[in-house]
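Report on the structure given below.
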Amino acid sequence: MSAADQVERLTRRLLERYPPQTTGRTAFLAAQYDAGLTWVHHPAGRGGLGGERDAQRRVFELLTAAGAPNLQVESRLAYSMGAPSVLEWGSGEQQERYLRAIATGERWCQLFSEPGAGSDLAAIDTRAVREQGGWRVTGQKVWTSMAASSQRGMLLARTDPAQPKHRGLTYFVLDLATPGVEIRPLRQITGEAEFSEVYLTDVLIPDTDRLGPVNAGWKVAMSTLMNERDMFGTKAAESGPVELALALYRERAGGDPDLRTRMVRLWLRGHVLRLYAARAARRSTGTPGPQSSVSKVGFAELNKDGYELCLDLLGDEALLYDTYEPDELTAPSGAGASQDPRRLFLRSRANSIEGGTTEIMRNILAERVLGLPAEPRVDKDLPYSSLRRG
């Protein structure tokens, strides 16, 4: 029996023992974790089987068909970004504690961006000062996806301003119910409030919730971000805008040669991205490399162009969208979100900013993949405390 057949057999056995229709959600997810089917490429005892990463896709296909929860959709940030960071940098106790919590449905958000530090992430100013038993944190984060519906946050804070800006940072896993945490949702152009500002005022974080060594937070954050870009590659492989545009094209194009050309080009780009994502998924384990920026750029540009084509196919109907009611604070990309092409078009405008701007991604590809000369960085070795900041 091949490894893929073994994974499929275990998944079918899980569904037989714990039918999703009659098993509580948490109980089912806990059983999935114990069966090693939450992340099949993780080690045994950490939600996995030590198998191939791309076997996970078949697990989710079977679970979705049976009506079971799909964490890759419902808790995307915790599942695809938090868990790999914990597995790479967490202690044994942290791995067991955090991975089981994520596997049973806990949602996480990413507390990285700040008003003065977005594209230049290393310029963050949120401070964490060590005290008895933990760290006292004060600062402000912004554009935090799904903060209002999350239980924990992946927090990057400055712990040593005397070091250069890429050093002196430490990574924490913050319980968002801790006193001093205030979350203010931000309304978007779609009417939803997926993003938030998060204010941290004298928030005490136990040292047991620190992930990785003190002042090595940049390295941990890079693990999270590389997995974030890889996650976008997975989303690109889903080809939502291509399928939607193709359906509208068949109904409305009417032989227009320009629309036909745009549709063919979009389909080809989507197919190339799917092939690229499939090749990346064959990686057995470990943190994705800078090549994942290809998927991030491709996802952003495909989404924007694809939904723009959808609006052109809708014609005047594209203007008939006036929804501006924040009826939920969850991610539009999550299960149950509206698939109205007009909403998706508005939402796609953020794709080239969130998760690292397209400009930053292209810099990464130029310097770290193609080996081109790096941009001048005049503040590279200067202490953070000596830098001029706006």
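The values are calculated or read from the model by the stated rules, or taken from the named source; none is laboratory data. Worth saying up front: this structure is predicted, and the values here are computed from it rather than measured. Quick reminder, even Gly has a Cβ in these numbers, built from the backbone with ideal geometry, and neighbours come from all protein chains shown. Accessible surface is based on the protein model in full, side chains and every heavy atom, while ligands, DNA and RNA are left aside. Shrake-Rupley method; radii C 1.70, N 1.55, O 1.52, S 1.80 Å.
Given the condition closer than 30 Å to residue 141 by Cα, touching a helix residue (DSSP H, G or I) at 6+ places or on another chain (Cβ under 6 Å), hydrophobic (A, V, I, L, M, F, W, C) and touching a residue at least 60 places away in the same chain (Cβ under 8 Å), answer yes or no: does some residue in segment 60-83 qualify?
Within segment 60-83, one or more residues are closer than 30 Å to residue 141 by Cα, touching a helix residue (DSSP H, G or I) at 6+ places or on another chain (Cβ under 6 Å), hydrophobic (A, V, I, L, M, F, W, C) and touching a residue at least 60 places away in the same chain (Cβ under 8 Å).
Hey, among 251, 228, 194, 182, which residue is under 25 Å from the mean Cα position of the chain (by Cα), among the acidic types (Asp, Glu) and open to solvent by 40 Å² or more (accessible area, probe 1.4 Å)?
Going through 251, 228, 194, 182 in turn, the sole match is 182.
Would segment 199-213 turn up any residue that is in contact with a strand residue (DSSP E or B) (Cβ under 9 Å, 6 or more places away or on another chain), open to solvent by 50 Å² or more (accessible area, probe 1.4 Å) and assigned to a loop (DSSP other than H, G, I, E, B)?
Checked against the condition, which is being in contact with a strand residue (DSSP E or B) (Cβ under 9 Å, 6 or more places away or on another chain), open to solvent by 50 Å² or more (accessible area, probe 1.4 Å) and assigned to a loop (DSSP other than H, G, I, E, B), segment 199-213 yields at least one hit.
Would you check if there is a residue in segment 366-377 being open to solvent by 70 Å² or more (accessible area, probe 1.4 Å), modelled with pLDDT under 80 and over 20 Å from the mean Cα position of the chain (by Cα)?
No.
Taking the stated definitions as given, is residue 83 closer than 25 Å to residue 280 by Cα, aliphatic (A, V, I, L, M) and open to solvent by less than 10 Å² (accessible area, probe 1.4 Å)?
Yes.
Is it the case that segment 51-62 has a residue that's under 13 Å from residue 99 (Cβ atoms) and of a type outside the set (Asp, Glu)?
Residues of segment 51-62 under 13 Å from residue 99 (Cβ atoms): none.
Looking through segment 51-62, none of the residues is under 13 Å from residue 99 (Cβ atoms) and of a type outside the set (Asp, Glu).
Looking at 260, 229, 265, can you tell me which residue is part of a helix (DSSP H, G or I) and closer than 21 Å to residue 74 by Cβ? Walk me through how you get there before you give the answer.
Numbers: 260 fails: closer than 21 Å to residue 74 by Cβ; 265 fails: closer than 21 Å to residue 74 by Cβ.
Going through 260, 229, 265 in turn, just one is part of a helix (DSSP H, G or I) and closer than 21 Å to residue 74 by Cβ: 229.
I'm trying to understand the selection: among the residues of segment 327-362, which are exposed (fewer than 14 other Cβ atoms within 10 Å of the Cβ), at pLDDT below 65 and not charged (D, E, K, R)?
335, 336
Need a quick list: strands (runs of 3 or more DSSP E) entirely within segment 95-163 having at least 3 residues that are touching a residue at least 40 places away in the same chain (Cβ under 8 Å), open to solvent by less than 10 Å² (accessible area, probe 1.4 Å) and touching a strand residue (DSSP E or B) at 6+ places or on another chain (Cβ under 7 Å). Spell out how you get there, then give the answer.
Numbers: elements: 108-111, 127-131, 134-145, 152-158.
Output list reads 108-111, 134-145, 152-158.
On the basis of being out of contact with any helix residue (DSSP H, G or I) (no Cβ under 7 Å at 6 or more places or on another chain), open to solvent by 30 Å² or more (accessible area, probe 1.4 Å) and either modelled with pLDDT of 95 or more or of a type in the set (Lys, Arg) (or both), does residue 25 make the cut?
In short, yes.
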